[in-house]
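See below for the structure under consideration.
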Amino acid sequence: MFERIWPAKKITFDKTLLNDLYRYALSLAHDEQQAYDLVQNCCEKVLQKPVAADRLKPYMLRVMRNQFIDQYRRTKLELVVDSELAQHTEIDEQNSLLELEKIMIDKQHVALILQELSHQDRELLYLWAVEGRTVQELAERTDTPRGTLLSRLHRLKNRLRQDYGHLIEQVS
């Protein structure tokens, strides 16, 4: 006669998951505000459509990737200037240390390099170099053949070495 309704299981996002999602979104978007928006939209979708706890992170990564691709298609990614970098370049010479200058130079080089990469290359580089994923894991996650990812990674490394190898010599 009476139907018993069980409350839905609450989904909680722990700090490590949110940090991982933010780093992934930042690798895709290359813009802090857009990365925050991607994480927030992804969390909203998961709260609306609950997912099993063991599939939560892969599902959320897929949702963020799809959202980013949708946004990319709509806006064709506008160039964003790093305001934090611009503020640091105006630091008084007396207050700047040699180490700070080296960090700023490295940050500028990395920003320039990442700016010239496509979003697919940034994603591949992030998942492989930062997250430490194997090429097999990337192939399974993106539904891309392993050989294709290996060749893309090889071409990307060669291109970076060719275009920016002189920066490595300057830093060493």
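The values are calculated or read from the model by the stated rules, or taken from the named source; none is laboratory data. Since the model is a prediction, treat every value here as computed from it, not as a measurement. Methodologically, a virtual Cβ is constructed for each residue, glycine included, from the backbone with ideal geometry; neighbour enumeration extends over all protein chains shown.
Residues checked against (1) modelled with pLDDT under 70; (2) in contact with a strand residue (DSSP E or B) (Cβ under 6 Å, 6 or more places away or on another chain); (3) surrounded by 14 or more Cβ atoms within 10 Å (Cβ to Cβ); (4) assigned by TED's automatic domain parsing to the domain that holds N19:
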site	(1), (2), (3), (4)
D92	yes, no, no, no
N95	yes, no, no, no
D106	yes, no, no, no
H109	yes, no, yes, no
V135	no, no, yes, no
A139	no, no, yes, no
K157	no, no, no, no
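Quick one: R161 ticks every box in (1) farther than 18 Å from N66 by Cα; (2) in a helix (DSSP H, G or I); (3) charged (D, E, K, R); (4) at pLDDT 85 or above except a single one, so which number is it?
(4) is the only condition that R161 fails.
Would it be correct to say that L56 is in contact with a His (Cβ under 9 Å, 6 or more places away or on another chain) and modelled with pLDDT under 90?
Criteria not met by L56.
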